[in-house]
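Encoded as structure tokens, the structure appears first; notes follow it.
FYI, it's all coordinate maths here, none of it is from the lab. Because the structure is a prediction, the values reported are computed rather than measured. Counting neighbours? That spans all protein chains shown, and the Cβs are built from the backbone with ideal geometry, glycine included.
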Amino acid sequence: MRLSGADAILDGVMNSDPRQFDVVVLGAGAAGLMCAATASQRGRSVAVVDHNPQPGRKILISGGGRCNFTNLHCGPGNFLSENKHFAKSALAGYQPRHFLELVDRYRIPWHEKTLGQLFCDDSSRAILDLLLAECERGPGKVEFLLDTRVLGVEGSAGGGFRIATSRGQLAAAALVVATGGLSIPKLGATGLGYDLARQFGLKIVETRPALVPLLLGGKEAAWTALAGVATEVVVEAVASDSKPKGKAAPRARFQEKILVTHRGLSGPAILQASSYWRSGEAIAVDFAPQSEKISGPAGLLEELKQPKARRDLPALKQILREFLPQRLAYFLAEQSADAGWSNAAIEERERQLRRWLFHPVGTEGYEKAEVTAGGVDTADLEAKSLEARSVPGLYFIGEVVDVTGHLGGFNFQWAWASGVAAGRAV
């Protein structure tokens, strides 16, 4: 493969003598560093190549700077992929307890937030330092070539790979692609990993932004007047009946907070659902998941249906204020102000509150997406090692693969597990 604009440089590099390594890892992010550390501790010589001037840039900004480094409840069901079983092997081979043992060995203080999410007490820099220290610990050697562009990759006739870079040519029996996805381009995200996969004949599952805020338009843009309002809800992506029948993406329901923004919807519940959402589909929101604790099983708005009860907008607002922020309660009440106050109208209001349909017009894109969904087709990879089935010695790990975790430390655990799986195999 020759990258555009690099022909003249590439010709000179490919004619030079390569520096020989056992393994070349492309990408100095979470998966790449974990793979390099694992391989070097098995005695392998490793070169880690990254076009960024420093390793682990995405690690440093993760979790608000405190790195949500894993989740205690991680399992295959927390991942979205065309093959829902693919991640099982790697995840079983390296579990959250294994990374937590590493964190404790380095005496990094941590704490558990909701839903099994583990964070550093202090800076996420501690996780990056851990990984760099692990790269130094083995009998093998890890050499970092940072601020270095990959100009081209070729398979060698006798096996192995030749990698042309802006700092010379490398050769290795194993090439590990850990270049990440397209999310957060300001950190240097590129499509290099997908280009390399295509070059060697691997298929790509269509990529899209995931764990990303959703945009509202048309009449629903009125919701943006509530920017800053947050509340706990249940959110689900809803398939469109007008779409042609075929292989549908799995659906999932998430009970977490929703946040209204000046452009649409965000918050953990929306970010989770966004990984399953497709253009033209709806998002269903239950604004009263905890309502039975307040109203009992009879119904959220049952009070309005009682004899001699007030049936008007102020009464509805008062009920909604018991479990929703005031601005949101008043807004929802006013949305149905003209529906009437018959028992049937009240029951319809409740159904709407429990399944309010939004119709997003798009997402905030890769600039605001935490991860990229889709990627290298798992059908072309060995589940145990992440090696390409048709290209011995070529591996794809981390975000570049069509395995996308839920919010809450799952994508880091996939990075650790896939990096270890490939590091044990090279």
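About the Cα centre, and with charges only on the beta carbon of Lys, Arg (+1) and Asp, Glu (-1), how big is the dipole of the chain? Nearest 20 debye, please.
380
Give, as a single signed number, the net charge of other residues whose beta carbon lies under 13 Å from the beta carbon of Gly365, with Lys and Arg counted +1 and Asp and Glu -1.
+1
Just how many % of Cα pairs in the chain lie over 27 Å apart, if you round to the nearest whole percent?
More than 27 Å apart: 56 percent of the Cα pairs in the chain.
Among Arg66, Arg97, Arg167, what is the fewest-to-most ranking by other Cβ atoms within 10 Å?
Final ranking by Cβ density, sparse to dense: Arg97, Arg167, Arg66.
For a quick check: sort Ser418, Ser124 by the number of other beta carbons within 10 angstrom, fewest at the front. Before the final figure, lay out each step's value.
Details: Ser418 32, Ser124 22.
With the sparsest Cβ surroundings first, the list reads Ser124, Ser418.
What number comes out for the charge environment of Gln41, summing +1 per Lys or Arg and -1 per Asp or Glu over other residues with Cβ under 13 Å away? The partial results should precede the final answer.
Values: positive: Arg42, Arg44, Arg137, Lys141, Arg424; negative: Asp22, Glu134, Glu136.
Charge balance in the 13 Å sphere: +2.
What is the distance in Å between the Cα centres of the stretch 214-239 and the stretch 169-195?
35
For the chain, what does the helix formula give at 222 nm: sum of -39500 (n - 2.57) over DSSP H segments with n ≥ 4, over the residue count, nearest 500 deg cm²/dmol?
Helix-only estimate at 222 nm: -8000 deg cm²/dmol.
Which percent of the Cα-Cα distances in the stretch 214-363 go past 27 Å? Please list the in-between numbers first.
On the way: 2786 of 11175 pairs.
Summing the P(r) tail past 27 Å for the stretch 214-363 gives 25 percent.
Would you mind counting up the charge near Val212? Only other residues with Cβ under 10 Å from its Cβ, with Lys and Arg at +1 and Asp and Glu at -1.
Net of charged neighbours comes to -1.
What list of whole percents do you get for P(r) of the stretch 325-426, with Cα-Cα distances grouped in 10 Å bins up to the one holding the largest distance?
12, 27, 17, 15, 15, 11, 3
With the dipole of the stretch 214-363 worked out from charges on the C-beta (+1 for Lys and Arg, -1 for Asp and Glu) around the Cα centre, which of Gln290, Ala252, His262 lies farthest toward the positive end?
Result: Ala252, furthest along the dipole toward the positive end.
Using Cα centres only, tell me the gap between the stretch 359-426 and the stretch 53-73 in whole Å.
Rounded to whole Å, the Cα centres lie 16 Å apart.
Can you sort Trp416, Trp341, Trp277 from fewest to most other Cβ atoms within 10 Å of each residue's own Cβ?
Trp341, Trp277, Trp416
Cα-Cα over 21 Å: which of Lys84/Lys186; Lys58/Lys368; Lys58/Lys88; Lys257/Lys368; Lys58/Lys186; Lys186/Lys368? Can you show the working numbers first?
Numbers: Lys84/Lys186 31 Å; Lys58/Lys368 13 Å; Lys58/Lys88 25 Å; Lys257/Lys368 18 Å; Lys58/Lys186 10 Å; Lys186/Lys368 10 Å.
Correct reply: Lys84/Lys186; Lys58/Lys88.
Consider just the alpha-carbon atoms of the stretch 86-175 and return their Rg together with their Dmax, both in angstrom.
In order Rg, Dmax, the Cα atoms of the stretch 86-175 give 18.2, 52 Å.
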